[in-house]
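Contents: one structure, followed by commentary.
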Amino acid sequence: MNSGSHASTLDRLYAWERKLYDEVKASSVVCRQYDEKCRQLRHQESRGESQMSIDKTRAVVKDLHSRILVAIQRIDMISKNIEDLRDKELQPQLEELIGSLTRMWATMLECHRHQHDIIKLVSSTRNMKTSIRSESQFQATLLLQVELNTLCSNFQKWIASHKAYLQSLNSWLLKCVKALQRKRKSSRKKNIKADPITKYAVAPIFKTCESWINLLDDLPTDLEDAIKDLAADINRYVPHQEKQRGGSKLTLSLSRSGRSNGEMGEVHRSYTPMDLQSSLETFLGKLEMFSDVSLQKYMKLKEDIDEAKERYEEAQAAQRI
C-alpha cells in the first residue's frame, strides 16, 4: 500500500495498546495505595497521633502522588502515539483500501454487464439448442457446478470476514470515547434516542468504520440465492446416471464402454436448455446488480469520509482559536 504496511500498523497499534494496558494496570495499584495512605493520614490526624507518624505518612502520600502524576504523563504520551498511528497511518490505509475496492467494483460491473448482455443475446435466439454430447462437455458442466458451489462459499466467507474485521476495529475505536458513551447511556435511561457517536466531531476513522459496516449490511442478499439456484439447475440438467458415474470424483476421463470417439449421445430429459439459459441470465443479472450497488455505495462511502474529515478539521481549527 502507498500509505504503508497495514499489518505493520496493526502490529504497532497492538504493541502500544499493550503498553497502555500495562501502564494503566500499574497506575491503578499506585492509586489504591494512595487512597489507602490518604485515609490513614486523615485517621492519624483525627486521632492526634504523633507528628513523626503523621509526617512519615504524609511523605508517603506525596511520593505516591508524584508517581501518579508521572504515570498520567506516560499514559497521555502512549495515548497520543496511538491516536497518531490511528489517524496518520490506519485511516489513510483504510481510505486506500476503499479506493481499491471502488475501482474493483467498477471493473467488475463492466465485466458482468458485458457477460449479461451476451447471455441475453444468446437467450433471444429461441431456436438454439443446448445438449451434452461429448465427455469434455460433460466434464465442463460438472466443473461449472463445482466452481459455482466454491464461488458461493468463498463469497460468503469474504463478506463475513470483511464484516468481522470492521466490527472488531469499530469495537476497539469505541473504547476510546468512554465519555461520549456514558452520555449516550444516560440519554437512553431518559427514554431519549441516543445520537450516533459520529454526530460529534470525532476523528474521521469513526465515520469510516460506521458507514462501512452499514454499507455491508445494506448490500443485496439475493446474489447468494442466484448462485445456489444456478448450481441446482445445472444439477438437474446433468443426467442422474452420468453424475453417478463421473460426478463424484470429477475425473478427466470417464469410463465410456461401448461408445466411440468420446460421444455420450444426446440426453433425454424433462429439464429444457431454455430453463438453464434463463437461470444463467438471472444469475448474471444479479451479479451485474450487485456490482452496480457496491460501486455506488463505495462512492458514497468516500463522500461520507470526506465530509467527516472536513467537519473534524473545522472543529480542530475552532479549538485552536
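Just so it is clear, none of the values below were taken in a lab; they were calculated from the coordinates. On a predicted model such as this, the values are computed, not experimentally measured, just so you know. Cβ coordinates were reconstructed from backbone atoms using ideal geometry, including for glycine residues, and neighbour counts include every protein chain displayed.
With respect to the cross-link table entries K163/K286; K120/K163; K88/K163; K88/K297; K163/K228; K175/K302, which display a Cα-Cα separation exceeding 28 Å? Display every interim value, and only then the final one.
Values: K163/K286 21 Å; K120/K163 34 Å; K88/K163 23 Å; K88/K297 25 Å; K163/K228 22 Å; K175/K302 24 Å.
In this structure, K120/K163 exceed 28 Å between Cα atoms.
Which distance in nm do the two modelled labels at N149 and N81 give, with both placed 7 Å along the Cα-to-Cβ direction?
Label at N149, label at N81, 5.1 nm between them.
Among the aspartates and glutamates, which have Cα under 14 Å from the Cα of K300 when same-chain residues fewer than 8 positions away are ignored?
Correct list for K300: E95, E210, D218, D292.
Only counting other Cβ atoms within 10 Å, I'd like W172, W16, W158, W212 sorted with the fewest neighbours first. Each step should come with its number before you reach the end.
Numbers: W172 14, W16 19, W158 10, W212 25.
Ranked by crowding around the Cβ, least crowded first: W158, W172, W16, W212.
In the range 6-36, whose amide N lies under 20 Å from the spot 7 Å out along Cα-to-Cβ of R67? List them in ranges.
19-36
Between N214 and Q33, what's the calculated FRET efficiency when r is the beta-carbon distance and R0 is 56 Å? Round to 0.05.
Numbers: r = 46 Å, r/R0 = 0.83.
After rounding to 0.05, the efficiency reads 0.75.
What order, most packed first, do the peptides 45-56, 217-228 have when packing is the mean number of other Cβ atoms within 10 Å of each residue?
On the way: 45-56: 10.9, 217-228: 14.2.
The peptides rank, most packed first, as 217-228, 45-56.
Place a point 7 Å from the Cα of D11 along the Cα-to-Cβ direction; which residues of the range 82-102 have their backbone N under 16 Å from it?
90
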